[in-house]
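This report concerns only the one structure given below.
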DNA sequence: CAGTGGTCTAGACCACACC
DNA sequence: GTGTGGTCTAGACCACTGA
């Protein structure tokens, strides 16, 4: 390396990533722990920051999993999480794998208030739900429901926590189904979502926004946050293939 | 702020991001150019690397747009790109906004070969398509089609480039529709996709994998790459709401 | 406790866009 | 050219995990 002669348009971290990626394919198996960052950097003759740039990308692609105080391991293939608009049902009906853990009355983010067509400072029912797969928290969701749209029902007035969440969802389910639409985009985990998903704040997440309608007008909005490193969101048309591409 | 007394478990870049985010909301408008990184870092009293960590996250969230040699600007809201399994049609039929630019015969990635049920070293028709919105390249796709599944058709034998792509898609469209399924995940742009999307290699992208079936077996696989910074993928159930949450 | 990944610094040079 | 963001270095210290 005493020859910094010809310029390479290829950044070091990019080359590193390629080399590491091949090594992961051939010399490591799922769950195995890599050498620590200082040793890897030394082995490749780069600064730790440069090595970390390569690891960052591999983590983004779901090939690695890093945990502070523990180490870097080879990640298993991503979970497929079904988010298809398949069954036309309200959240919380039988078979819904999400677990509602809490419900409060709070002012939603402005974008949600706009989508619901309510004033920006209007408190709404806010149900928090979490999705577990293989024992791991995979996604967390806030469901926002203006009290005004809910038909009468029992158990909401004094209930707290999971009980209130169940009661609110039960009342929501009394409404006639009016369709929903969804959007997926990239985001970064807020402090609360990061804690629930066992990630650091700022970790990349997939944000799925769902709008529910009834009688032609919006009645609920869900904002779900999935770990982008471990999740693949699937939405089948019917069920033609079992696609397991990476 | 002259009181740096109590320790904050909150990283500097996280706090910076919050401050910048608020500033973007209140003091800047879409398209406006921010001060350069060195000046921002000096203004906030942090190293440039730290400032960049905050900017990285804001860019990930689609709030900023950075271009080497130019500067950092406030990003417009993300485009909504429809990827719903709505119309049951083959790629390339009338009304399909994708532009097919090239077609070669090449060995696909192993995951694609597996999904198609062909040998890992088997060359397949590989159509490259690009999606433009507002004059900007938003996504790029590789469609993989084993020649064996295609019914007879004209114009494929000697055609090259866009002509061959058109001919291959025309033959594909002769097959009876058998459904499709899709998956979305996070990835990083390869060198080729990065060039087409006017991004740097390694930029975060949303990867949409589509499997097409006919007669109960897989006949084509599409791997589409969308700019994660500027795109929001939408898949409506019907068309109930116009959701514009961020 | 020792070992890990996460944060931060203060520089340097490079690749690129624009004039 | 000048000015921008992108890459890279060689350190330092912090926060966390687990023995």
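The values are calculated or read from the model by the stated rules, or taken from the named source; none is laboratory data. All values derive from a computational prediction rather than experimental measurement. Reconstructed Cβ throughout: ideal geometry from the backbone, glycine too, with neighbour counts over all protein chains shown.
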Test: residue A:57 is within 16 Å of DNA strand D (Cβ to nearest atom), part of a helix (DSSP H, G or I) and outside the structural domain of residue A:98 (by TED's automatic domain parsing): yes
Hits in segment A:125-144 (condition: away from chain B (no Cβ under 14 Å) and in contact with a strand residue (DSSP E or B) (Cβ under 6 Å, 6 or more places away or on another chain)): A:125, A:126, A:127, A:128, A:129, A:130, A:131, A:133, A:137, A:140
Lone unmet requirement of (1) farther than 28 Å from residue A:184 by Cβ; (2) touching a helix residue (DSSP H, G or I) at 6+ places or on another chain (Cβ under 9 Å); (3) surrounded by 17 or more Cβ atoms within 10 Å (Cβ to Cβ) for residue B:164: (2)
Residue among A:107, A:70 that alone is away from DNA strand D (no atom under 11 Å from the Cβ) and either more than 30 Å from residue A:164 (Cβ to Cβ) or more than 12 Å from chain B (Cβ to nearest Cβ) (or both): A:107
Pick from segment B:65-89, criterion within 16 Å of DNA strand C (Cβ to nearest atom) and part of a loop (DSSP other than H, G, I, E, B), ranking: nearest to residue B:178 (Cα to Cα): B:68
Selected residue (only one of B:38, B:66 is touching a helix residue (DSSP H, G or I) at 6+ places or on another chain (Cβ under 9 Å) and closer than 30 Å to residue A:209 by Cα): B:66
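How many of the residues making up segment A:20-31 are within 14 Å of DNA strand D (Cβ to nearest atom) and within 14 Å of another protein chain (Cβ to nearest Cβ)? Outline the logic, then answer.
Of segment A:20-31, the ones within 14 Å of DNA strand D (Cβ to nearest atom) are A:20, A:31.
Subsequent filtering for residues that are within 14 Å of another protein chain (Cβ to nearest Cβ) retains A:20.
Of the residues in that region, 1 qualify.
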Residue in segment B:4-11 that is surrounded by 18 or more Cβ atoms within 10 Å (Cβ to Cβ) and either away from DNA strand C (no atom under 16 Å from the Cβ) or without any contact (Cβ under 8 Å) to a residue 40 or more places away in the chain (or both) present: no
Number of the condition not met by residue B:194 [criteria: (1) more than 10 Å from chain A (Cβ to nearest Cβ); (2) in contact (Cβ under 8 Å) with a residue 24 or more places away in the chain]: (2)
Filter result for residue B:104 (part of a loop (DSSP other than H, G, I, E, B) and either modelled with pLDDT of 95 or more or assigned by TED's automatic domain parsing to the domain that holds residue B:173 (or both)): no
Test set (1) within 16 Å of the chain's Cα centre (by Cα); (2) over 23 Å from residue A:213 (Cα atoms); (3) without any contact (Cβ under 8 Å) to a residue 60 or more places away in the chain - residue A:46 fails condition number: (1)
Flag for residue A:215 being at pLDDT below 90 and facing chain B (nearest Cβ under 8 Å): no
Any hit, segment B:32-54, residues being in a loop (DSSP other than H, G, I, E, B) and within 13 Å of chain A (Cβ to nearest Cβ): yes
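Please verify whether residue B:92 is assigned to a loop (DSSP other than H, G, I, E, B), within 16 Å of DNA strand C (Cβ to nearest atom) and touching a strand residue (DSSP E or B) at 6+ places or on another chain (Cβ under 7 Å), treating the condition exactly as stated.
Against the criterion (assigned to a loop (DSSP other than H, G, I, E, B), within 16 Å of DNA strand C (Cβ to nearest atom) and touching a strand residue (DSSP E or B) at 6+ places or on another chain (Cβ under 7 Å)), residue B:92 does not qualify.
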Where residue B:34 falls short, out of the listed (1) under 25 Å from residue A:184 (Cβ atoms); (2) crowded, with 16+ Cβ neighbours inside 10 Å; (3) in contact (Cβ under 8 Å) with a residue 24 or more places away in the chain: (1)
